[in-house]
Amino acid sequence: MPFDNLPFTVRSRYTLTFVFAFLFGIGLWAPFFIVWYSMAKRTM
């Protein structure tokens, strides 16, 4: 069966879209959150 060797399911389009958006969102926002947290920690 095609795509059986992938670690995620590609059967549902909406689930796949949500998972990719979530993972890319974490990857894009994590550096900003880390910088904000380190700057906020200094002012406390």
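The numbers here are math on the coordinates, done by the rules we state, and not lab data. The structure presented is a predicted model; accordingly, all values stated were derived computationally and were not measured. Reconstructed Cβ throughout: ideal geometry from the backbone, glycine too, with neighbour counts over all protein chains shown.
Of the numbered conditions (1) surrounded by 10 or more Cβ atoms within 10 Å (Cβ to Cβ); (2) assigned to a helix (DSSP H, G or I), TYR14 fails exactly one; give the number of that condition.
(1)
Is it true that ALA40 is surrounded by 10 or more Cβ atoms within 10 Å (Cβ to Cβ) and among the aliphatic types (A, V, I, L, M)?
For ALA40, the condition - surrounded by 10 or more Cβ atoms within 10 Å (Cβ to Cβ) and among the aliphatic types (A, V, I, L, M) - is not met.
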